[in-house]
Amino acid sequence: MTPKEYEEKIRGLAYGYVSSFVAVVRAVERQYGKEGKELARQAYMGVRESRKTPGDPSKDLHEFCDNLDRGCRVTHQWVRVADEPNRVKYNFTKCMWAEAFSSLNATDIGHWFCDTDEPAIRAYNPRLGFKRTKTLMDGDDVCDHEFYVVS
């Protein structure tokens with residue numbers, strides 16, 4: 001399988017997942033209103049279990065970001081615009097999830113995916129933080145992720 005074929009296969013699976021996910025959430029919303037939708041969001045967000053033994057924050061920051069790079073290889077396009085000992089900053093210019101949710105007119109639900117960024121870094125090491133001011137899910141031209149060691 002070529003890299004392009006692999007990417008298309010992943011994209012097809014992701015769009016299928018997103019389509020099913022949106023259908024379930026919309027059904028809950030129709031039946032139970034905003035309260036039901038909020039309950040579904042809370043269930044999706046879940047409680048992130050912290051790592052049992054977080055390490056040195058600077059080392060953990062770079063380990064987390066290296067894992068992020070590998071995990072986003074097929075689903076995103078980005079540039080690391082800062083790679084410092086206590087801060088890593090990205091500009092994501094393409095996000096398969098934002099494209100999928102946008103195509104279904106469901107960015108309100110797609111934001112749930114975005115909302116997991118901060119809890120994920122904090123669960124990895126509570127001395128790490130996250131900041132973002134723009135999102136592709138909102139139609140911005142970039143998602144500006146900044147992961148950092150909390151002073």
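Values quoted throughout were computed directly from the atomic coordinates according to the rules given, and no laboratory measurement underlies them. None of the values given here were measured: they were computed from a predicted structure. Cβ coordinates were reconstructed from backbone atoms using ideal geometry, including for glycine residues, and neighbour counts include every protein chain displayed.
A few notes on this one:
- Simple Cβ-charge dipole of the chain, Lys/Arg +1 and Asp/Glu -1, about Cα centre, in debye nearest 20: 260 debye
- All other residues whose Cβ lies under 14 angstrom from that of GLN31 are scored, Lys and Arg at +1 and Asp and Glu at -1, for a net of +1.
- For a straight C-alpha distance cut-off of 25 angstrom, the lysines reachable from LYS4 (same-chain residues fewer than eight places away being disregarded) are LYS94.
- Set of lysines with alpha-carbon distance to LYS89 below 18 Å, sequence-local pairs under 8 removed: LYS59, LYS131, LYS134
- Length gained on full extension, ASP140 to GLU38, computed as 0.36 nm times the residue gap minus the Cα-Cα distance: 34.2 nm.
- Simple rule: put +1 on each Lys or Arg Cβ and -1 on each Asp or Glu Cβ in the stretch 3-149, find the dipole, and look at GLN31, VAL142, PHE21; the Cα lying farthest toward the positive end is GLN31.
- Cα gyration tensor shape of the chain, rounded if a/c is under 1.5, else prolate or oblate by comparing a/b with b/c: oblate
- Filtered trypsin sites (Lys or Arg not before Pro), the stretch 1-60: DSSP coil and at most 15 other beta carbons within 10 Å: ARG48, ARG51, LYS52
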